[in-house]
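What follows is one structure encoded as structure tokens, with my remarks underneath.
FYI, it's all coordinate maths here, none of it is from the lab. Everything numeric here is computed off the predicted structure, so don't read it as measured data. All Cβ positions, glycine included, derive from the backbone under ideal geometry; neighbour counts span all protein chains shown.
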Amino acid sequence: MIWDEKHECMPREQLKELQLKRLKSVVRRVYKNVPYFRKKVDALGLKPADIQSLEDLQKLPFITKHELRETYPFGLFATPMKEVVRIHSSSGTTGKPVVAGYTRADLNLWAELMARTLTAGGTTAEDIVQNAYGYGLFTGGLGIHYGAEKIGATVVPISGGNTARQLLIMEDFGVTVLTCTPSYSLQIAEVAEEKGLDMRKLKLRVGFFGAEPWSDEMRKEIEERLHVRAMDLYGLTEVIGPGVAAECEHRCGLHIYEDHFIPEIIDPDTGKVKPDGQTGELVLTCTTKQAFPVIRFRTRDIAKLEYGKCECGRTFARMNRVTGRTDDMLIIRGVNVFPSQIEAVLVGIEEAEPHYQLIVRKDGPMDTLEVQVEVDQQLFSDEIKRLEQVERKIAHEIASMLGIHAKITLVEPKTIERSMGKAKRVIDLRKEG
Amino acid sequence: MKIKQVSVFLENKPGHVRMVAEELKKANLNLRAISLADSEDFGILRMVVENPDKAYSVLKAAKHAVQETEVIAVEVPDQPGGLSDVLGTFEKCGVNIEYMYSVLERRSDKAVIILRVESIDEVIEKLKKQNVRLLSSNEVYGAL
């Protein structure tokens, strides 16, 4: 099913015209209203009028996550605050979070894109949508919420957590659509199995899962255990939230809503745009957002684009599922974790030195985080209970800072692998697919 | 009356105790007593070595997390009930033992155990009054 056939199935030539028109307009607007962008463009000796084709986009400077933090909180907003009606934010807890502003038009656009996403997976006005994404600053909850309402579906805004209650409501309300992170869906499956609840007897038929990378293998597991069809969606706070790309019923990649976001694939080392079909870092440009339109935002997500027409009729480029990131950011159970945050915790603990390594694994459905901390002269005590106290203290601090449980393992001094004097901070052993 | 014990932090992995033993070998240091305590994923190797200060600096130079701690060495009759009698005295004096292990060599009809206690100086005074024989560091580090 297609929500907005006119745009989603627009012939590519026409789509390119629309993209160019919108690109020119957003560049002019951002150049005029965002001094940070203007300065960068001026430094390259460019003017908005130099953007005459879609290829000219490549002349413009990238914007990185780091720069978004530098301009925290509202430095890249392109509209006056009085036009901003909502704020969302990424989960940066010790590092500065990325703050996204939305005008009323932006919220309408977002709801439209989420309506496309949910419709592509088969959601209609007849459906009851249990939205188990977190509500709040996180874009997942409200993003799904307004998209489902736009379609006319019945939304159950349950947010995340309390799995027993999730199941009770799912059963009693006759919920047909579930939205949450893929790892949480398996948590739900696990509790259902413990309770002896037969998922096949429920009306649940489709789930929309995102906000963390997941594999085809995990999709199979979710589908078997929850007895749903599992759909992938993609988005990020910096661009709009969920609603940047989503799968259609053919599930042969995620259609990027190119009428609003222009994707590019670059070589992360050189910054050069790669030919179609090659794998590289995904770069996105918002062409229609008003309050917070990023231009050439480096997502750090590794992806590949496919431009061939899809059987569903949509003409949009398809990206493969995101299987990795160019930097160290980890998504653990839907929570963004930066090694620097762990470092900050260790620095704050008198006994511990920030020589550490993060090891992420899959334990059943859940991601687990192990933090290995080197024991040095200062930390070492002849008493086991003292060392165990330090372990508990670190775990407690990480839990209160990041909201995730980490297993702390003390390791011998100078054992954490260092390359060129720089410690390797992250070992991600989750299967990427 | 206080004995210097050398403790080393070790991960629970094959070959790690040997790495410490290897350092001592290279420095030509003999062991008098040794014990390995373990938790879920790490261990602490505690040793009484003939030259504790040298052992400390050798191990530190080899990038181990190492610590010197003070312990006492108590002589125990090498016969059934020997330990029980000595510990009876400890109990009477209200001394709590953190951990203990025995010395490798036997000294005629006596055994020697190494004990870690809190408030070591007080404990030494109390035990002396009870006529518990505590060994001097020379006795422990040297040939017993």
*asked:* Over chain A, with a Gaussian network built from C-alpha contacts below 10 Å, which listed residue (A:R333, A:R200, A:R298) shows the highest mean-square fluctuation?
replied: A:R200
*Write down the percent of antiparallel bridges among all DSSP beta bridges whose residues are both part of the protein assembly as shown, to the nearest 5.*
75 percent
*Give me the aspartates and glutamates in straight-line cross-link reach of A:K32: C-alpha distance below 15 Å, same-chain residues under 8 apart excluded.*
A:D42, A:D50
_So if I take the centroid of the Cα atoms in the range A:114-130 and the same for the range B:88-144, what is the distance between those two points in Å?_
76 Å
_Charge dipole (the range B:54-132, unit charges on Cβ, about Cα centre) - positive-most of B:I97, B:S108, B:L83_ = B:S108
*Amide H to amide H, which residues 5 or more places from A:V84 or on other chains are under 5 Å from it, using H placed in the peptide plane?*
none
*Ranked by Cβ crowding within 10 angstrom, fewest neighbours first, how are A:S25, B:S7 ordered?*
A:S25, B:S7
*Mind listing the phi-derived Karplus ³J(HN,Hα) values for the range B:93-105, rounded to whole Hz, using 6.51, -1.76 and 1.60 with θ = phi - 60°, and x for any glycine or proline?*
7, x, 8, 9, 9, 6, 7, 8, 7, 9, 6, 5, 9
*Taking the Cβ of each residue in A:E311, B:E23, B:E122 as the centre, tally the other Cβ atoms inside 10 Å and list the residues starting with the fewest.*
A:E311, B:E122, B:E23
*Grab the Cα-Cα distance for A:F62 and A:A395, subtract it from 0.36 nm times how many residues apart they are, and report the gain in nm with one decimal.*
116.2 nm
*Pop out the ³J(HN,Hα) list for the range B:46-56 in order, Karplus 6.51 cos²θ - 1.76 cosθ + 1.60 with θ = phi - 60°, rounded to Hz; leave Gly and Pro as x.*
10, 9, 10, 10, 5, 10, x, 5, 5, 4, 4
*Going by how many other beta carbons lie within 10 Å of each one, how would you line up B:H16, A:H88, A:H405, fewest first?*
A:H405, B:H16, A:H88
*Simple spin-label estimate for B:E11 and A:M1 in nanometres, 7 Å along Cα-Cβ*: 5.3 nm
*Quickly estimate the mean residue ellipticity at 222 nm for chain A, helices only: each DSSP H run with n ≥ 4 gives -39500 (n - 2.57), and the total goes over all residues, rounded to 500.*
-9500 deg cm²/dmol
*If you find the alpha carbon centre of the range A:329-348 and of the range A:160-206, how far apart are they in angstrom?*
29 Å
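Using a ≥ b ≥ c from the Cα gyration tensor of chain B (square roots of the eigenvalues), is it rounded, prolate or oblate, where a/c under 1.5 gives rounded and otherwise the larger of a/b and b/c decides, a/b for prolate?
Numbers: a/c = 1.93, a/b = 1.70, b/c = 1.14.
Because a/c hits 1.5 or more and a/b exceeds b/c, chain B counts as prolate.
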*Which entries in A:K272/A:K304; A:K24/A:K82; A:K385/B:K13; B:K25/B:K60; A:K21/A:K304 show an alpha-carbon gap greater than 18 Å?*
A:K24/A:K82; A:K385/B:K13; A:K21/A:K304
*asked:* Would chain A count as rounded, prolate or oblate if I go by the C-alpha gyration tensor, calling it rounded below 1.5 in a/c and otherwise prolate when a/b exceeds b/c, oblate otherwise?
replied: oblate
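What percent do you get for the relative contact order of the range B:78-136 when only Cα pairs under 8 Å and 6+ apart count?
Numbers: 48 pairs, mean separation 19.4, N = 59.
Worked out over the range B:78-136, it gives 33 percent.
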_Whole-number percent relative contact order across the range A:332-428, with pairs defined as alpha carbons under 8 Å at least 6 apart_ = 33 percent
*Rounded to whole Hz and in sequence order, give me ³J(HN,Hα) for the range A:122-131 from the Karplus expression 6.51 cos²θ - 1.76 cosθ + 1.60, θ = phi - 60°, writing x for Gly and Pro.*
x, 7, 10, 5, 6, 7, 10, 9, 8, 9
*What is the distance in Å between the Cα centres of the range A:31-90 and the range B:6-47?*
59 Å
